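Notes follow once the structure below has been shown.
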Amino acid sequence: MNLEQQIEKIASFQNLELLANQIVEGFISGMHKSPFHGFSAEFAEHKIYNSGESTKHIDWKLYAKTDRLYSKRYEEETNLRCHLIIDNSSSMHYPKLKNKQPFYENKIGFSILASAVLMNLLKKQRDAVGLSVYSDTYEYYSPEKGSDRHHRMILTKMQEILEINPQTKKTDTVTFLHQIAENIHRRSLVILFTDMFHSNTSEEYNDKIFKALQHLKHNKHKVVVFHVYDKKTELNFSFDNSPRKFIDLETGEEINLFAENTQEAYNKVVQDYFKKIETNCMQYQIRYVPVSVDEKFEKIMTTYLVEKQKFG
């Protein structure tokens, strides 16, 4: 059974942790062919004991096996603190999944699996991770920690998000990004998964969003925005010319139209919007990464590794 078949089998059971581990292991095994050849696939859980340090955390069982002294590494000794932020507004639950379709083929499922993949990498390197989830409320907050119990708690929360049938929930990005920024006290890599959708399209509101993103950078945090979208329908507007009803998932507003008559104008507006987001992120020195739900997760992991190396 090849890797894709294994992933498909695991995904059919909706097991978030197993699927994330499978993706990471496949990525790591192929790293010798990538620009990250120097990124070790052997993640140390111990450090060599140096003379003069406290003997309190020496792993004596490992000493019996190796005849060398190692100290156990604990959360406060982590190299990196990472805070994941997931936009859980109704627009993120698009497209609507068909029966037996993998959960990660819509925006929220993709974002959650991508977050679980990053958590797996962070865990292997004994780094600390926290999570915030927002929509029209600040739904969940957990500070950055590195324990197995903490990872399990976050994975359980993310699994709950996948299982809850979404209601009409708008996006209050500005309010909650400011609140999240105030909750992250120690220097961290901050990673946001969002579709950048909001019903208020005014220039003033757009400016407020990027000021909120800039707030995330306080205390020298580094910010990465994964702009999650469905390429086929949201970017390319690929529908046949049958009359269709389009419904705004966050406001319930409806419009009837023939897609082919609108496609050219729609594509221009969307491409201009993506370009504007990219330009604004560059202006604020925020890493902007557009990613479609039909893409594999290598882009997510590669971006993380690049930003981790820069974090320093």
With the condition kept exactly as written, say whether any residue in the range 224-242 is touching a His at 6+ places or on another chain (Cβ under 9 Å) and hydroxyl-bearing (Ser, Thr, Tyr). no
So is Ala128 within 16 Å of Ile300 (Cβ to Cβ) and modelled with pLDDT of 90 or more or not? no
Report, ordered by the first and then the second residue, all pairs with beta carbons closer than 9 Å, sequence separation of six or more or different chains, a first member in the range 215-226 that is within 11 Å of Cys281 (Cβ to Cβ), and a second member that is outside any loop (DSSP other than H, G, I, E, B) and hydroxyl-bearing (Ser, Thr, Tyr). Val224/Tyr288; Val224/Thr303; Val224/Tyr304; Val225/Thr194; Val225/Tyr288
Looking for something without any contact (Cβ under 8 Å) to a residue 24 or more places away in the chain and either open to solvent by less than 20 Å² (accessible area, probe 1.4 Å) or more than 14 Å from Val228 (Cα to Cα) (or both) - is there at least one such residue anywhere in the range 299-310? yes
Just to check your reading of the model, which residue among Phe226, Phe237, Phe197, Phe246 is within 28 Å of Glu17 (Cβ to Cβ) and either over 15 Å from the mean Cα position of the chain (by Cα) or at pLDDT 95 or above (or both)? Phe226
Quick check: is even one residue across the range 260-273 open to solvent by less than 40 Å² (accessible area, probe 1.4 Å), modelled with pLDDT of 90 or more, under 23 Å from Ser111 (Cβ atoms) and in contact with a helix residue (DSSP H, G or I) (Cβ under 7 Å, 6 or more places away or on another chain)? no
Return yes when Asn256 is under 28 Å from Gln167 (Cα atoms), in contact with a strand residue (DSSP E or B) (Cβ under 7 Å, 6 or more places away or on another chain), open to solvent by 50 Å² or more (accessible area, probe 1.4 Å) and polar (S, T, N, Q) and no when it is not. yes
Got a number for residues in the range 116-138 being among the basic types (Lys, Arg), surrounded by fewer than 19 Cβ atoms within 10 Å (Cβ to Cβ) and outside any helix (DSSP H, G or I)? 0
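The values are calculated or read from the model by the stated rules, or taken from the named source; none is laboratory data. For clarity, every value in this text was computed on a predicted model and none was experimentally measured. Cβ sites come from the backbone with ideal geometry, for glycine too, and all protein chains shown count toward neighbours. The accessibility values were calculated without ligands, DNA or RNA, using every heavy atom of the protein model including side chains. Shrake-Rupley method; radii C 1.70, N 1.55, O 1.52, S 1.80 Å.
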